[in-house]
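Please treat every number below as a calculation from the coordinates, not as lab data. No experiment lies behind these values; they were computed from the predicted model shown. Please note: Cβ atoms are built from the backbone with ideal geometry, for glycine as well, and neighbour counts cover all protein chains shown.
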Amino acid sequence: MSTIETDYLIIGGGAVGMAFADTILAETDAHVTIVDRQARPGGHWNDAYGFVALHQPSAFYGVNSLPLGENRKDTHGVNEGLYELASGPEVSGYYDKVMRQKLLPTGRVTYLPMTEWRDGAAVSLMSGEATRITVRRKTVESAYNSPVIPANHTPRFDVAEGVRLVPPGALPRLWLEPERPARFVVLGGGKTAMDAVGWLLAMGTPAEAIQWVRPRDSWLINRTCTQPGTEFFDAVFGGQLAQMKAFAQGTSPEDIFARLEEAGMMLRIDPAVTPTMFHYATISQGEIDALARVTNVVRKGRVTALTPEAIVLEEGSEPAVPGALYIDCTASAVEVRAPQPIFQGDRIVPQLVRVPQPCFSAALIAFVEAHYEGDDAKNALCRTVPFPHSLKDYLTTNIVNLMNQGAWLGDEKLGAWIRQSRLDGFGKVAASIDRSDAAKVAVLQEMRSTAPLAVANLMRLAAA
Ligand SMILES: Cc1cc2nc3c(=O)[nH]c(=O)nc-3n(C[C@H](O)[C@H](O)[C@H](O)COP(=O)(O)OP(=O)(O)OC[C@H]3O[C@@H](n4cnc5c(N)ncnc54)[C@H](O)[C@@H]3O)c2cc1C
């Protein structure tokens, strides 16, 4: 068995592994080895459905050293007037470029694609040959929170013979078929289902030909409140202040979401239905308007079986339409994985330190690894922010999020790094405002002074 020596062994070359590698290379003289069972860097983006796109602006996604996109605003479509969202192929191409133009040219990177980390060795999927890797500093388990996507997911319901169930990635290939299905039944209530319905509508499918099985409705972040340009200061920081006040004054998770909707930060597809789920999906009002055109929505819990006669659900059934095409959007991108400490001796397990930003989080973790001593000090700056799976979880998510933010504000070195990081979208907007603009300065000050009240109230509600 051959042996390689490296300082950091990074298992996984997805967005998290790449953001970590980029910053650790910039901040230290370390050598890095990236092992990935896929043929290209970028992880799940390489296998996503063809019409996938970021749901946040490209401006603060990716790695710190290379911008993604051109920071332009869309002039057409449902994202009109807002900053560009990279398409899936664009994100894949970006990571390829990061590897070829940023990481490999340092001369301090060994990249092993089509190689699986298995039983303590890197095993080539092509030759079967194993390589032992001697790690001088740490192993970075970057794929701990890797998402489950339609392409690598198995439905958790029965599909009878004669029923046609496809992943969303099959939709753009329908032009190859002599006839289009009589009805499209989209299964799932998350962002993938929204993308599939949005794509069907954008391609001219009549809204009446779409049936949407939506077990739960979701609160959705209004994308206008996530824009990187100073012209969006009022939406972004007005929204952030409203959020801080909702945290400080809200009486329950449901009340907090109602306040956020009132402030324009949260959206929902159906105003008659109160959402019970929140996974930080981000959407524009244009998308909401389009999705709301589909009114044949089935809310009878999750699908348990598809037969030629019926859609069988947890709380009843619906008659099936002959010739229907079922689109499986039931993969849960965000599985419930227990949060764990990020720095664990000779292991680093990157997770969110700011929600919902995996790239920023991984880069910040690398910076902390490079410049601070001891796991306790590092973990104190990088508390793991648990991803919410219910509205109540959102309280704890934000308590930890705010605690991390507070710890960073109090640390000069880290604060300076955050201010220069392209992945810190909103910070740039705040830093660029004219300090003589009293109204804007007041918003930022009020946010800061409300933060302790927000944490205290969230803690009280979480304990209740
Ligand atoms: C449709 C969709 C849209 C999204 N949009 C956004 C967005 O707009 N903004 C945002 O911030 N986040 C978004 N996300 C969240 C997204 O999950 C993260 O941005 C990020 O891409 C996740 O990267 P990752 O490195 O954790 O996982 P992955 O992309 O899954 O990468 C993990 C890599 O590790 C490799 N790997 C795992 N185990 C091993 C092993 N044992 N040996 C070798 N290799 C291994 C895998 O092959 C894979 O390449 C989106 C997610 C989805 C599904």
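Descriptive notes on the structure:
- Cβ-Cβ FRET estimate between residue 207 and residue 276, R0 fixed at 22 Å, reported to 0.05: 0.35
- Exposure proxy order (Cβ contacts within 10 Å, fewest to most) of 73, 413, 428, 191: 413, 73, 428, 191
- Convex hull volume per residue in cubic angstrom - Cα atoms of the range 368-448: 122
- Spatial separation of Cα centroids for the range 396-451 and the range 186-232, in angstrom: 30
- Among 41-48, 266-273, sorting by the average number of other beta carbon atoms lying within 10 angstrom of each residue, highest first, gives 41-48, 266-273.
- Relative contact order for the chain, counting Cα pairs under 8 Å that sit 6 or more residues apart, in percent: 20
- Of the peptides 402-409, 257-264, the order by per-residue mean of other Cβ atoms within 10 Å, starting with the highest, comes out as 257-264, 402-409.
- Listed peptides 178-187, 52-61, 417-426 by packing density, highest first (mean Cβ within 10 Å): 52-61, 417-426, 178-187
- Unit Cα scatterers, Debye sum, the chain: log10 I(q)/I(0) for q = 0.07 Å⁻¹: -0.38
- Rounded to 5, the percent of DSSP beta bridges in the chain classed as antiparallel: 35
- Think of it as helices only: each DSSP H run of n ≥ 4 in the chain is worth -39500 (n - 2.57), and spread over all residues that comes to -10000 deg cm²/dmol at 222 nm.
- Mean-position separation - Cα centroids, the range 1-37 and the range 131-159, in angstrom: 16
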